Amino acid sequence: MNFGADRILACMKLFLSLLFAASFMMAADMPAEGAKALDFTLQSQEGKSVSLHDFAGKWVVLYFYPKDMTQGCTIEAHNFQRDLAQYDKKNAVILGVSEDTVDSHQQFCTKESLTFKLLADDKHEVAPKYGSLTDYNGMKIAARNTFLIDPKGVVRKVYVKVNPNPHSEEVLAALSQMR
């Protein structure tokens with residue numbers, strides 16, 4: 001088949017508009033800055049129920065990440081762990097969420113010496129509420145997004161498609177500005 005240049009251009013425009021619409025729809029599902037954070041309860045790597053409301057009165061760094069024991073996720077987790085004392089000084093807790101199981105989180109924490117909470121969203125309940133569930137080669141995984149939630153439970157900053165290397169420092173800088 002021989003498509004004319006006009007037809008190819010029209011197909012490309014349609015593709016790009018659909019791609020833009022899909023990304024807008026995903027972002028529209030996220031809690032906006034200034035909105036009340038959506039409460040949830042998930043199991044931690046310790047097998048204990050953890051709810052967002054458990055941290056009322058504290059800043060919460062709620063970060064979604066794709067997969068335990070992968071390169072980018074390990075870098076991001078190590079950086080949060082490295083900076084944990086600084087978060088403590090700012091009255092902030094770190095909560096990592098992925099679609100992995102409690103057992104996977106437990107192994108990841110043990111292997112990488114992580115002491116903050118990793119939460120198992122293996123039933124895909126929380127990531128969609130935060131516009132942070134994506135499809136990767138037929139697998140449902142968490143998109144790398146972060147929500148900085150203030151002590152009253154209000155979303156103060158949203159980070160989308162996070163770069164794991166400088167992310168912890170970005171969040172610490174935002175916390176310093178907001179306090």
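Observations, loosely collected:
- Lone unmet requirement of (1) part of a loop (DSSP other than H, G, I, E, B); (2) under 15 Å from Pro66 (Cα atoms) for Gly96: (1)
- Qualifying residue in segment 39-48 (condition: under 18 Å from Val160 (Cβ atoms), among the basic types (Lys, Arg) and either without any contact (Cβ under 8 Å) to a residue 40 or more places away in the chain or surrounded by fewer than 18 Cβ atoms within 10 Å (Cβ to Cβ) (or both)): no
- Breaking point among (1) surrounded by fewer than 24 Cβ atoms within 10 Å (Cβ to Cβ); (2) part of a loop (DSSP other than H, G, I, E, B), for Asn79: (2)
- Test set (1) assigned to a loop (DSSP other than H, G, I, E, B); (2) touching a Phe, Trp or Tyr at 6+ places or on another chain (Cβ under 8 Å); (3) crowded, with 17+ Cβ neighbours inside 10 Å; (4) at pLDDT 95 or above - Tyr63 fails condition number: (1)
- Yes/no for Ser49 being of a type in the set (Ser, Thr, Tyr), touching a strand residue (DSSP E or B) at 6+ places or on another chain (Cβ under 6 Å) and under 21 Å from Ser168 (Cα atoms): no
- Exactly one residue out of His124, His105 is part of a loop (DSSP other than H, G, I, E, B) and either touching a residue at least 24 places away in the same chain (Cβ under 8 Å) or in contact with a Leu (Cβ under 9 Å, 6 or more places away or on another chain) (or both): that is His124.
- Hey, Ala56 surrounded by 11 or more Cβ atoms within 10 Å (Cβ to Cβ) and modelled with pLDDT under 95 or not: no
- Considering (1) at positive phi; (2) modelled with pLDDT under 95; (3) hydroxyl-bearing (Ser, Thr, Tyr), the lone condition that Tyr136 does not fulfil carries the number (1).
- In the condition set (1) under 16 Å from the mean Cα position of the chain (by Cα); (2) crowded, with 19+ Cβ neighbours inside 10 Å; (3) assigned to a helix (DSSP H, G or I), Glu169 is compliant with all but (2).
- Filter pass, Lys152 being in a loop (DSSP other than H, G, I, E, B), of a type in the set (Lys, Arg) and under 24 Å from Lys36 (Cβ atoms): yes
- Qualifying residue in segment 91-99 (condition: without any contact (Cβ under 8 Å) to a residue 24 or more places away in the chain, of a type in the set (S, T, N, Q) and at positive phi): no
The values are calculated or read from the model by the stated rules, or taken from the named source; none is laboratory data. Computed from a predicted model, the values in this text were never measured in an experiment. We place every Cβ from the backbone using ideal geometry, glycine too, and count neighbours over all the protein chains shown.
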